[in-house]
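The structure appears right after this line, and notes come after that.
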Amino acid sequence: MKQYSSASAYKNTRQSVVTIGTFDGVHIGHRAILKRVVETAKNENLQSTVLTFFPHPRMVLQDNAEIQLLNTIEERAQLLNKTGLDHLIIHPFTHAFSRLTALEYVRDILVTSLKAKKIIIGYDHRFGRNRNANIDDLKEYGKTYDFGVEEISARELDDVAISSTKIRKALNQGDVETANKYLGYNFMISGTVVKGKAIGRTIKYPTANLHLAESYKLIPKNGVYVVQSQIDGELIYGITSIGTNPTVGGKEKTIETYFIDFNKDLYGTEITVEFLTYIREETSFDSLESLRLEIINDEIIAKQFIKDRE
Ligand SMILES: Cc1cc2nc3c(=O)[nH]c(=O)nc-3n(C[C@H](O)[C@H](O)[C@H](O)COP(=O)(O)O)c2cc1C
Ligand SMILES: Nc1ncnc2c1ncn2[C@@H]1O[C@H](COP(=O)(O)OP(=O)(O)O)[C@@H](O)[C@H]1O
């Protein structure tokens, strides 16, 4: 898959099958649509192309929109890369872009830049300034500019929308299993390991504190989780705590992981934790000793979970 930072950066001369969307999560419903795009391209000897936007339109059009996405843009690109697509265009969604008329958008972006021969799109897709135009307008433009429009049925699209909502809701309730089932992979968070208060090591539970570069990434409900990570190419399990650490008078939300049977300096490294299951709510303990005893119990639960899984 080749990746482009705007529609005009795409210089391929071959015609393509295009689909357009945010594809947040790149979950199993999205992947069914993408598979159709890839197969159509193969059958009709066209290129398969996805047009996606970044930042999310709501991040641009609504000030202070507290948007929470399942994937960072890097994760989205990595997941799309696995679907067998030929081209991914991540077009900057700006105010100027949002003001393109439907005609300008179709003519300049879809036809001139992307060389769309076929557009596979949801029946309720809207586009152009103020989202004025719909799929019937797109079909009309197709007559002028010689491209076909294939409609994704209401049923298929509903499945997609239901999945996204279910995944977000599940993660906000700590239901990792449901989220992972609809995603078709383990929900993950990546970040750089930064220094914390250095209290962890005093209770024999050092924790790698993750700093996230993106504020829009969805963070699951506060609590304790079993996770897995690849560290130096090795599969390592851990227990992650998400929350404000009330026991030690914390205020800021932290995401920190104790890796089981592991002892290495991780400061400054990039790590990804994949969420496997939820253990318990975050609790305000009356002492560090009570917290330590509870973490011992978390570790026992995690080890049992891992054993049952293997
Ligand atoms: C498995 C696990 C469970 C945790 N559960 C809680 C909790 O229920 N309540 C809480 O206040 N802190 C909890 N913590 C966070 C600790 O307060 C935190 O790791 C400790 O203060 C060390 O912080 P530091 O990394 O800044 O040194 C948990 C940490 C781990 C690793
Ligand atoms: N098993 C482990 N799990 C997590 N971090 C570990 C582990 N072993 C060593 N470390 C190191 O210890 C650091 C965490 O120690 P901690 O006392 O909690 O300090 P901090 O408050 O800076 O996070 C991690 O960032 C990592 O570099």
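The values are calculated or read from the model by the stated rules, or taken from the named source; none is laboratory data. Keep in mind that this is a model prediction, so the values were computed, not measured. In this analysis, Cβ positions are derived from the backbone assuming ideal geometry, glycine residues included, and neighbour counts consider all displayed protein chains.
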- The listed residue being near ligand 1 (Cβ under 9 Å from one of its atoms), in contact (Cβ under 8 Å) with a residue 40 or more places away in the chain and not aromatic (Phe, Trp, Tyr), out of Leu266, Leu218, Leu288, Leu276: Leu288
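I'd like the residue in segment 179-202 that is within 16 Å of ligand 2 (Cβ to nearest atom) and modelled with pLDDT of 95 or more and, out of all such residues, is surrounded by the most Cβ atoms within 10 Å (Cβ to Cβ).
Ile189
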- What is the number of the single condition among (1) part of a loop (DSSP other than H, G, I, E, B); (2) surrounded by fewer than 17 Cβ atoms within 10 Å (Cβ to Cβ); (3) touching a residue at least 60 places away in the same chain (Cβ under 8 Å) that Asp24 does not meet? (2)
- State whether the residues of segment 276-288 include one that is hydrophobic (A, V, I, L, M, F, W, C), in contact with a strand residue (DSSP E or B) (Cβ under 6 Å, 6 or more places away or on another chain), closer than 19 Å to Lys221 by Cα and within 16 Å of ligand 2 (Cβ to nearest atom). no
- Among Val176, Val160, the single one that is in contact with a helix residue (DSSP H, G or I) (Cβ under 7 Å, 6 or more places away or on another chain) and buried (at least 19 other Cβ atoms within 10 Å of the Cβ) is Val160
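Tell me, which helices (runs of 4 or more DSSP H) lie completely within segment 54-148 with 3 or more residues that are within 20 Å of the chain's Cα centre (by Cα)?
On the way: elements: 57-61, 73-81, 95-98, 135-145.
Fully inside segment 54-148 and qualifying: 57-61, 73-81.
If you check Thr257, Thr272, which single one turns out to be within 13 Å of ligand 2 (Cβ to nearest atom), among the polar types (S, T, N, Q), surrounded by 15 or more Cβ atoms within 10 Å (Cβ to Cβ) and part of a strand (DSSP E or B)?
Thr257
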- Looking only at segment 129-178, which residues are more than 30 Å from Val224 (Cβ to Cβ) and small (Gly, Ala, Ser)? Ala133, Gly142, Gly148, Ser153, Ala154, Ala161
- Item | Asn245 within 16 Å of ligand 2 (Cβ to nearest atom), surrounded by 15 or more Cβ atoms within 10 Å (Cβ to Cβ) and not assigned by TED's automatic domain parsing to the domain that holds Ile120 | yes
- Does Arg168 count as closer than 18 Å to Gly184 by Cβ and in contact (Cβ under 8 Å) with a residue 24 or more places away in the chain? yes
- Among the residues of segment 181-215, write down those that are free of Cβ contacts under 8 Å to residues at least 40 places away in the same chain and either of a type in the set (Asp, Glu) or within 16 Å of ligand 1 (Cβ to nearest atom) (or both). Ala198, Arg201, His211
